[in-house]
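The values are calculated or read from the model by the stated rules, or taken from the named source; none is laboratory data. Remember, it's a predicted structure, so these values are computed and weren't measured experimentally. Note that each Cβ is placed from the backbone with ideal geometry, even for glycine, and that neighbours are counted across all protein chains shown.
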Amino acid sequence: MTGGGDIVRSPLRYSEQIMRWIEEHFAEAVSLERIAEEMHLSRFYVSRVFRAETGSSLSDYLAARRMRR
């Protein structure tokens, strides 16, 4: 337990980091390769962890985000 009312925050999940990056760059040419490079992860891992954490594919999420624009 921390003193002084400090709140312990957990690090962002990879999917949250990816979604934040997409929010900033969705109007640009976005690819799995570019996201993986920005996250310093492999393309396979980015794709797999995003689906595991969100239940959606990266391409479906990106398409939905662009449609909301």
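Of note:
- Test: residue in segment 23-35 that is modelled with pLDDT of 90 or more, out of contact with any helix residue (DSSP H, G or I) (no Cβ under 9 Å at 6 or more places or on another chain), basic (K, R) and not in a loop (DSSP other than H, G, I, E, B): no
- Selection count, segment 7-36, where residues are of a type outside the set (K, R) and more than 25 Å from R69 (Cα to Cα): 4
- All positions within segment 36-50 that are under 17 Å from L12 (Cβ atoms) and either of a type in the set (F, W, Y) or out of contact with any Leu (no Cβ under 7 Å at 6 or more places or on another chain) (or both): A36, E38, M39, H40, L41, Y45, V49, F50
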